[in-house]
Amino acid sequence: DAGVTQSPTHLIKTRGQQVTLRCSPISGHKSVSWYQQVLGQGPQFIFQYYEKEERGRGNFPDRFSARQFPNYSSELNVNALLLGDSALYLCASSRRLGEETQYFGPGTRLLVL
Amino acid sequence: QKEVEQDPGPLSVPEGAIVSLNCTYSNSAFQYFMWYRQYSRKGPELLMYTYSSGNKEDGRFTAQVDKSSKYISLFIRDSQPSDSATYLCAMISNTGNQFYFGTGTSLTVIP
């Protein structure tokens with residue numbers, strides 16, 4: 001089975017722009033979580049979606065939003081980009097909500113200039 | 001105080017050494033404990049998970065949890081150069097939806 005896939009792999013944007021990142025979970029997985037990983041730090045939780053509903057939100061501003069589609073894929077949107085949004089954005093999937101095992105994708109590396 | 005504390009290292013050991021990686025946590029509600037390995041510019045890869053105090057072994061890796069001390073460890077025996085990576089601890093409560101990660105410990109195994 002294919003693992004978690006994310007697109008694009010790399011992205012360069014300028015301040016003030018908007019970006020959309022995409023994630024496809026492992027087949028059979030219904031929960032998708034998004035994380036931001038700044039260089040030298042561990043992943044920071046942004047959102048969790050399960051069955052197309054938001055089930056958790058981390059301490060991120062309203063510029064960050066996400067959604068999950070009927071096929072369980074997900075998008076993360078970030079508006080009004082700031083330099084500090086430069087990071088590796090990781091998507092993780094699990095079979096169900098609250099499951100102790102999450103499987104991560106390779107991430108999308110975003111650079112904001 | 002952070003939910004999860006992890007020494008960032010870096011840690012450098014000779015090939016064949018036993019490596020000990022550690023995390024402490026403050027939230028007694030955490031019930032599940034995971035260790036991830038992350039190679040440079042890649043996503044984290046799940047190594048092991050456990051939910052009870054005590055030891056869990058998988059090949060050269062042993063995960064240890066001490067809930068009374070809020071302390072978890074990962075031991076790597078006979079370390080190999082291919083083990084060179086950043087190791088992240090993560091934990092979640094049995095009712096929560098959010099994983100809490102440590103900052104990661106950078107490990108280099110020298111041939």
Checklist entry - On the accessible surface of chain A, probed at 1.4 Å, how many percent belong to carbon and sulfur atoms? => result 49
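Just to be sure I understand: if you take the accessible area of chain B alone plus chain A alone and subtract the pair, with a 1.4 Å probe, what total do you get in Å², rounded to 100?
Counting protein atoms only, the buried area is about 1700 Å².
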Checklist entry - trypsin sites (Lys or Arg not before Pro), restricted to the range B:3-111: which are DSSP loop and have at most 14 other Cβ atoms within 10 Å? => result B:41, B:60, B:77
Checklist entry - For chain B, which whole percent of the accessible surface, found with a 1.4 angstrom probe, sits on carbon and sulfur atoms? => result 47
Checklist entry - If you plug each phi of the range A:93-101 into the Karplus form 6.51 cos²θ - 1.76 cosθ + 1.60 with θ = phi - 60°, what whole-Hz ³J(HN,Hα) values come out, in order, with x for Gly and Pro? => result 10, 8, 5, 9, 5, x, 5, 6, 10
Checklist entry - If Lys and Arg each add +1 and Asp and Glu each add -1, what is the summed charge of the other residues whose beta carbon sits under 15 Å from the beta carbon of residue A:109? => result +3
Item to check | Per-residue HN-Hα couplings for the range A:53-69 [Karplus 6.51, -1.76, 1.60; θ = phi - 60°; Hz; x = Gly/Pro] | outcome: 10, 5, 10, x, 9, x, 8, 10, x, 5, 5, 8, 9, 8, 7, 10, 9
Checklist outcome for this item: With Cα springs under 10 Å, the Gaussian network model of chain A assigns the largest mean-square fluctuation among A:12, A:46, A:26 to A:12
Checklist outcome for this item: Most fluctuating of A:76, A:88, A:11 in the GNM of chain A (C-alpha, under 10 Å) is A:11
Checklist outcome for this item: Per DSSP, the loop-located trypsin sites (Lys or Arg not before Pro) within the range A:76-112 having at most 14 other beta carbons within 10 Å are A:95, A:96
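Roll a 1.4 Å probe over the protein chains and send me the accessible area per residue for chain B in Å². Each step should come with its number before you reach the end.
Working: 5290 Å² over 111 residues.
Dividing the accessible area of chain B by its residue count gives 48 Å².
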Item to check | Charge dipole (debye, nearest 20) of the protein assembly as shown; +1 at Cβ of Lys and Arg, -1 at Cβ of Asp and Glu | outcome: 540
Checklist outcome for this item: Scoring chain A by relative contact order with C-alpha pairs under 8 Å, at least six apart, yields a percentage of 37
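Order B:66, B:7 by their accessible area, 1.4 angstrom probe, all chains in place, largest first.
Output order, biggest surface exposure first: B:7, B:66.
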Checklist entry - If you average the sequence gap of Cα pairs under 8 Å that are 6 or more apart and divide by the length of the range B:1-101, what percent do you get for the contact order? => result 34
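The values are calculated or read from the model by the stated rules, or taken from the named source; none is laboratory data. On a predicted model such as this, the values are computed, not experimentally measured, just so you know. With ideal geometry, Cβ positions are generated from the backbone for all residues, glycine too; neighbour counts draw on all protein chains shown. Accessible surface is based on the protein model in full, side chains and every heavy atom, while ligands, DNA and RNA are left aside. Shrake-Rupley method; radii C 1.70, N 1.55, O 1.52, S 1.80 Å.
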